[in-house]
Amino acid sequence: MTARRALLALSLVAVVGAVLALYYAVHKPFGPAQALLFAQSLANLLVAAALLVLGGALGRRLLAWGLGAAPKRAAAPLGAAPADTLPAGERVVVEAALGWGAIGVGMLALGLLRLYYPLAAWLLAILLLLWLRREAAAWCAEAARALRALAPAGRLAGTAAGFVGFVLALGFLRALAPPVTWDALVYHLTLPALFARTHGLQVNTADFNVFSGMPQLNEMLYTAAGLLRLDAAEGGIAAQVLGWLMGALLGLGLASVAQDLGLPGWLAPAILFSSFSISLELAWAYADLLLMLMALVMILALRQWLRQRETGAPAGRWLGLAGIFAGLACACKYTGVIVPLAGAAAVAAGAWRGQPDSGRGRLTSVARSLMAFGLLAAVSFGPWLAKNWLLAGSLVYPLGWPAADMDALRQWFYNRPDQAEHLLSAAAIFLRATFYGVQGGNEVDATLGPLLLLCAALLLFDWHVLSRERRRELAPWLVFVAVAYLGWVGLAQYSALARQARLFFGFLPALALLGAAGLAGVAGLDAPTLRLSLIVKAVFVLVLALSAIEVTTDFIAHNPLSYLAGLQTASDYAAAQLGWYQPALERVDELPAGSRVMFLWEARSLGCLGSIACIPDVIIDRWWHERRTTGSAAAILSKWRAQGVTNVLIYDTGARFIQTSADNAYDPADWIELQALRGQLSPMATFGDAYTLYAVP
């Protein structure tokens with residue numbers, strides 16, 4: 001380059017720089033607050049992404065070891081991969097799910113050692129990523145290949161893929177905003193914050209959260225996100241983004257499995273995410289998305305086991321892997337027990353079908369297969385049972401039998417067996433949940449949408465036109481769905497709580513896959529004079545459009561964009577979503593350090609400062625239980641004084657709702673004594689007609 005050209009280039013750069021600097025010095029596109037918020041959102045995304053990549057890399061190493069196919073480093077520059085061939089999409093999903101399970105168990109051990117410190121989390125994460133750097137690079141590369149391989153072919157698949165992408169995009173934006181959903185504020189994110197505050201695991205005491213006894217796989221991952229993010233509030237957002245990644249991985253896995261079955265790949269995740277409740281959970285940091293992911297990969301592993309048995313190849317390790325994932329499904333929540341139960345039925349059916357021997361030989365094969373599956377499921381679920389045994393004296397605390405402060409009275413109140421379903425009504429529970437369930441509107445607490453039921457029901461009409469090979473491939477999924485549903489029906493006859501459809505989402509990915517098969521199979525019913533497939537596909541597209549409108553409307557109603565743009569503070573955003581709860585909690589946080597605040601009819605407590613001991617009413621039974629174990633308002637108040645309680649926060653709206661509910665368990669005298677309690681307390685502040693904060697004199 002000549003000196004003249006160099007001078008010209010420098011002059012051009014100087015002019016461009018001067019113009020832009022002078023213009024944006026006056027017309028700033030964003031201020032310091034927006035820049036800080038963008039940096040925080042990026043940090044939350046990076047923490048969640050790091051946990052995803054770490055899970056994928058760790059799972060890749062474990063899968064290679066477990067399948068006995070870990071090649072030498074020189075032979076695998078991008079990290080070890082299992083010898084068993086799996087499509088890229090299925091492999092990355094299996095590896096990430098396995099890695100997350102291992103991280104969850106590692107976090108459990110770290111908590112038992114009381115090492116929940118940000119420094120410890122950072123050191124372990126960095127060391128693991130350095131050790132697994134080759135596997136991490138290989139996993140990321142394979143994930144990119146999987147996405148390219150799932151490029152939709154055809155208008156219907158393209159529409160389904162567009163719908164899934166749209167729902168994921170809205171969920172991602174909402175996940176970047178502060179947590180505002182009920183269960184997240186009650187325990188999914190509250191427990192990680194409490195664990196980080198106390199530097200270790202704790203199972204319920206009088207002033208801790210009773211849900212700490214539930215299986216904690218999700219909460220362990222959310223605790224890791226919080227420790228890596230350093231503070232509870234931002235840790236909650238990072239956990240939400242991690243939850244969104246679980247949902248995205250679930251969609252990827254469903255699409256890949258469907259494609260491997262010869263179906264249009266994106267139909268299955270579109271059917272699943274057309275459920276309004278599931279689409280919302282993408283931003284909620286709940287336990288259901290990971291549970292559904294574990295259930296999906298369990299069936300995927302069972303399918304690989306069956307395939308290899310048919311070819312005569314060694315397949316036992318895939319059966320063991322399926323057992324591990326079945327146990328990890330239980331580690332997400334107790335009602336995940338339907339996954340190993342249904343998985344065991346699929347194992348038995350597969351072992352019986354694949355054994356050409358006599359009846360006795362088949363029974364022996366079934367018994368051996370079930371033993372291997374069940375043993376690995378017990379091993380992977382065992383740490384969560386051991387945690388409860390060590391810290392609460394009960395394997396399945398707070399369920400099963402009385403332990404710690406969960407006595408028989410509280411267990412009755414929590415389960416309400418007097419309101420459980422009768423056999424006939426329980427048998428139709430999925431139909432009732434589909435047609436009458438409303439998210440946040442009734443006891444079903446879910447809007448499932450019509451496609452899960454409608455598309456799967458299409459198999460009743462087109463099963464006979466499917467090829468024999470496809471029917472054979474779909475058989476394990478059918479067995480799994482049928483037995484899992486029977487598990488839901490059985491539990492609905494034991495506990496009124498089992499009416500909540502969200503507790504049994506574990507079989508919905510398999511149902512969505514069957515729905516994709518039913519939808520694709522309609523083409524076999526076409527006749528020259530009537531193309532039924534066109535009508536069914538038009539209905540499918542119409543429902544997706546209506547679901548997109550429903551999700552968009554809810555997004556606008558809970559618009560996170562003002563917060564993400566820096567036009568709204570986190571406190572203002574939470575107040576807009578939560579009503580009087582936010583200012584009431586902020587007032588609680590203004591109490592003197594060391595205050596102990598007893599909540600009545602308020603289960604949420606995320607956001608309470610570490611200097612304030614908030615004692616939430618997590619199963620909304622405190623006043624009912626105190627009245628039956630302590631007695632009068634005066635005796636209850638005396639007991640609370642002895643426990644060091646300095647304040648009482650009453651959720652008046654919640655109390656009125658319970659009082660006017662036809663099925664409430666309270667006696668009229670309970671409400672009379674509540675008024676007596678109020679008369680003995682000193683009012684400090686009211687928040688509309690929703691909350692009253694009292695001082696204990």
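The values are calculated or read from the model by the stated rules, or taken from the named source; none is laboratory data. Keep in mind that this is a model prediction, so the values were computed, not measured. With ideal geometry, Cβ positions are generated from the backbone for all residues, glycine too; neighbour counts draw on all protein chains shown.
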* Structure fact -> Every listed condition ((1) free of Cβ contacts under 8 Å to residues at least 60 places away in the same chain; (2) surrounded by fewer than 13 Cβ atoms within 10 Å (Cβ to Cβ)) holds for Leu62 save (2)
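Conditions tested, residue by residue: (1) of a type in the set (A, V, I, L, M); (2) touching a residue at least 40 places away in the same chain (Cβ under 8 Å).
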residue	(1), (2)
Val92	yes, yes
Leu124	yes, no
Arg134	no, yes
Leu150	yes, yes
Gly162	no, no
Val186	yes, yes
Arg197	no, yes
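In segment 106-127, what count of residues is obtained for those that are surrounded by 18 or more Cβ atoms within 10 Å (Cβ to Cβ) and in a helix (DSSP H, G or I)?
Pass one, segment 106-127, residues surrounded by 18 or more Cβ atoms within 10 Å (Cβ to Cβ): 107-108, 110-111, 116, 121, 124-125.
Checking which are in a helix (DSSP H, G or I) leaves us with 107-108, 110-111, 121, 124-125.
So the count comes out to 7.
Just checking, does segment 628-650 include any residue being touching a Phe, Trp or Tyr at 6+ places or on another chain (Cβ under 6 Å) and not assigned by TED's automatic domain parsing to the domain that holds Ala270? Before you say what the answer is, go through the steps one by one.
So in segment 628-650, the residues touching a Phe, Trp or Tyr at 6+ places or on another chain (Cβ under 6 Å) come out as 648-649.
The next check asks that each one be not assigned by TED's automatic domain parsing to the domain that holds Ala270; those that pass are 648-649.
There is at least one residue in segment 628-650 that is touching a Phe, Trp or Tyr at 6+ places or on another chain (Cβ under 6 Å) and not assigned by TED's automatic domain parsing to the domain that holds Ala270.
Does segment 537-551 contain at least one residue that is touching a Gly at 6+ places or on another chain (Cβ under 8 Å), in the same structural domain as Pro179 (by TED's automatic domain parsing) and modelled with pLDDT of 95 or more?
So in segment 537-551, the residues touching a Gly at 6+ places or on another chain (Cβ under 8 Å) come out as 543, 547.
Subsequent filtering for residues that are in the same structural domain as Pro179 (by TED's automatic domain parsing) retains 543, 547.
Those still in the list that are modelled with pLDDT of 95 or more too: 543, 547.
Checking segment 537-551: at least one residue is touching a Gly at 6+ places or on another chain (Cβ under 8 Å), in the same structural domain as Pro179 (by TED's automatic domain parsing) and modelled with pLDDT of 95 or more.
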* Structure fact -> For helices (runs of 4 or more DSSP H) lying entirely in segment 321-425, having 3 or more residues that are surrounded by fewer than 16 Cβ atoms within 10 Å (Cβ to Cβ) and either of a type in the set (Phe, Trp, Tyr) or within 27 Å of the chain's Cα centre (by Cα) (or both) picks out 359-392
* Structure fact -> Checked segment 27-68 for anything modelled with pLDDT of 80 or more and among the basic types (Lys, Arg); matches are Arg60, Arg61
* **Qualifying position, being farther than 30 Å from Asn442 by Cβ, part of a helix (DSSP H, G or I), out of contact with any Cys (no Cβ under 7 Å at 6 or more places or on another chain) and not acidic (Asp, Glu), among Ser547, Ser533** => Ser533
* Asked: From the list Ala695, Ala662, Ala690, Ala603, which residue is surrounded by 13 or more Cβ atoms within 10 Å (Cβ to Cβ) and either farther than 30 Å from Leu497 by Cα or free of Cβ contacts under 8 Å to residues at least 24 places away in the same chain (or both)?
  -> Ala695
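What number of residues within segment 644-685 satisfy the criterion of being assigned to a strand (DSSP E or B) and under 18 Å from Arg604 (Cα atoms)?
Of the residues in segment 644-685, the ones assigned to a strand (DSSP E or B) are 647-651, 682-685.
Remaining after also requiring under 18 Å from Arg604 (Cα atoms): 647-651.
Number satisfying all stated conditions: 5.
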* Asked: Does segment 296-312 contain at least one residue that is free of Cβ contacts under 8 Å to residues at least 40 places away in the same chain and either in contact with a Ser or Thr (Cβ under 6 Å, 6 or more places away or on another chain) or assigned to a loop (DSSP other than H, G, I, E, B) (or both)?
  -> yes
* Asked: Out of all the residues in segment 421-435, is one or more in contact with a helix residue (DSSP H, G or I) (Cβ under 7 Å, 6 or more places away or on another chain), assigned by TED's automatic domain parsing to the domain that holds Val541, more than 26 Å from Val337 (Cβ to Cβ) and in contact (Cβ under 8 Å) with a residue 40 or more places away in the chain?
  -> no
* Structure fact -> Output for Cβ contacts, cut-off 7 Å, separation at least six or different chains, first residue over 16 Å from Thr434 (Cβ atoms) in segment 266-292, second of a type in the set (Lys, Arg), reads Ala283/Arg174; Ala287/Lys333; Asp288/Arg502; Leu291/Lys333
* Structure fact -> Those residues of segment 587-626 that are farther than 19 Å from Phe211 by Cα and out of contact with any helix residue (DSSP H, G or I) (no Cβ under 7 Å at 6 or more places or on another chain) come to a total of 11
* Would you check if Arg628 is under 23 Å from Gln411 (Cα atoms) and part of a helix (DSSP H, G or I)? => yes
* Asked: Is there any pair with a first residue in segment 525-539 that is over 12 Å from Val465 (Cβ atoms) and a second that is among the acidic types (Asp, Glu) whose Cβ atoms are under 9 Å apart and which are 6 or more apart or on different chains, and what are they?
  -> Leu534/Asp526
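Somewhere in segment 613-624, is a residue outside any strand (DSSP E or B), in contact with a Lys or Arg (Cβ under 8 Å, 6 or more places away or on another chain) and without any contact (Cβ under 8 Å) to a residue 40 or more places away in the chain?
First pass over segment 613-624, keeping only residues outside any strand (DSSP E or B): 616-624.
Narrowing further to those that are in contact with a Lys or Arg (Cβ under 8 Å, 6 or more places away or on another chain): 616, 619, 621.
Next, only the ones that are without any contact (Cβ under 8 Å) to a residue 40 or more places away in the chain stay: none.
No, that holds for no residue.
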* Asked: Within segment 253-261, is there a residue that is over 23 Å from Gly320 (Cα atoms), acidic (Asp, Glu), assigned to a helix (DSSP H, G or I) and modelled with pLDDT under 95?
  -> no
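Conditions (1) part of a helix (DSSP H, G or I); (2) in the same structural domain as Gly253 (by TED's automatic domain parsing); (3) at pLDDT below 80, marked per residue:
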site	(1), (2), (3)
Val19	yes, no, no
Ala25	yes, no, yes
Ala70	no, yes, yes
Ala80	no, yes, yes
* Pick from Val479, Val522, Val483, Val539: which is in contact with an Asp or Glu (Cβ under 9 Å, 6 or more places away or on another chain), of a type outside the set (D, E, K, R) and part of a helix (DSSP H, G or I)? -> Val522
* Cβ pairs under 9 Å, 6+ apart, first in segment 97-120 and closer than 17 Å to Leu62 by Cβ, second part of a helix (DSSP H, G or I) and among the hydroxyl-bearing types (Ser, Thr, Tyr) -> Gly101/Ser380; Val105/Ser380; Met107/Thr223
* To do: Name the one entry in Arg432, Arg499, Arg470 that is closer than 27 Å to Ala255 by Cα and charged (D, E, K, R).
  => Arg470
* **Selection count where residues are touching an Asp or Glu at 6+ places or on another chain (Cβ under 8 Å) and outside any helix (DSSP H, G or I), scope segment 488-513** => 2
